[in-house]
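K.L.:
Here it is, the structure, as structure tokens.
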Amino acid sequence: MTDSVILDVWCELQCPDCHRALDDVRALRARYGDRLDIRLRHFPLEKHKHSFAAAQAAEEAVEQGQGWPYAEAVLARTAELAERGEPVLLDVARELGLDVEEFDTALIDGRHILIVDADQAEGKAIGVTGTPTYVIDGRRLDGGKSQDGLRARIEEIADRLLAD
């Protein structure tokens, strides 16, 4: 029996589809707890002007111990991020009680660019073309066109892996 299974979620923080996918992510967390390691992977899309900065800000949130809460809060404000840009990223950090000055500095000095670039390059290498895309047990499940049935497929794979 496997102790835990990794689920990579290739996401873009300005993507409305990724926002809608949060219900599935929350349901998977509730069902599996620590047995499913859900990892946020960055795949900023060129069509979303602030997605690259948002990915870097999310990495700063990881540094400050609030990666997923920050990502979820930004995803809840995709329309506002599209309209107002980077100030939204700082607003979310402030609302979560994070060090806003450190966020601002991180966005200026680019300290997290390599992580974001590496995620994006890996995503391209494995065939990610849109978000959200899930990878579990080496299988890529594309949610960019439709998320219908994806959670059930993830659960089938996770259940099999956790039973082995």
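The values are calculated or read from the model by the stated rules, or taken from the named source; none is laboratory data. This structure is a prediction, so every number in the text was calculated from the model and none was measured. Here the Cβ is made from the backbone with ideal geometry for all residues, glycine too, and neighbour counts use every protein chain on show. Remember, those area values only see protein heavy atoms, side chains included, never the ligands or the DNA or RNA. Shrake-Rupley method; radii C 1.70, N 1.55, O 1.52, S 1.80 Å.
K.L.:
Taking only protein heavy atoms into account and a 1.4 Å probe, give the accessible area per residue of the stretch 31-164 in Å².
P.N.:
51
K.L.:
If each DSSP helix of 4+ residues adds -39,500 (n - 2.57) and the sum is divided by the residues in the chain, what number results at 222 nm, nearest 500 deg cm²/dmol?
P.N.:
Dividing the helical sum by the residues of the chain leaves -17500 deg cm²/dmol.
K.L.:
Given labels modelled 7 Å from the Cα in the Cβ direction, how far is it in nm from residue 117 to residue 39?
P.N.:
2.0
K.L.:
Compute the long axis of helix 51-63 from its Cα atoms, compare it with the longest principal axis of the Cα atoms of the chain, and write down the angle in degrees, 0 to 90, nearest 10.
P.N.:
On a 0 to 90 degree scale, this one is about 80.
K.L.:
Mean-square fluctuation check for the chain, GNM, Cα pairs under 10 Å: which of 101, 80, 59 is largest?
P.N.:
101
K.L.:
Computing the accessible area with a 1.4 Å probe over protein heavy atoms, can you report the carbon and sulfur percentage for the stretch 39-105?
P.N.:
46
K.L.:
Sticking with this structure for a sec: Give the residue from 147, 96, 66 lying farthest towards the positive end of the charge dipole for the stretch 57-164; charges sit on Cβ (+1 for Lys and Arg, -1 for Asp and Glu) and the dipole is referred to the Cα centre.
P.N.:
147
K.L.:
If you count the DSSP beta bridges with both ends in the chain, what percent of them are antiparallel, to the nearest 5?
P.N.:
55
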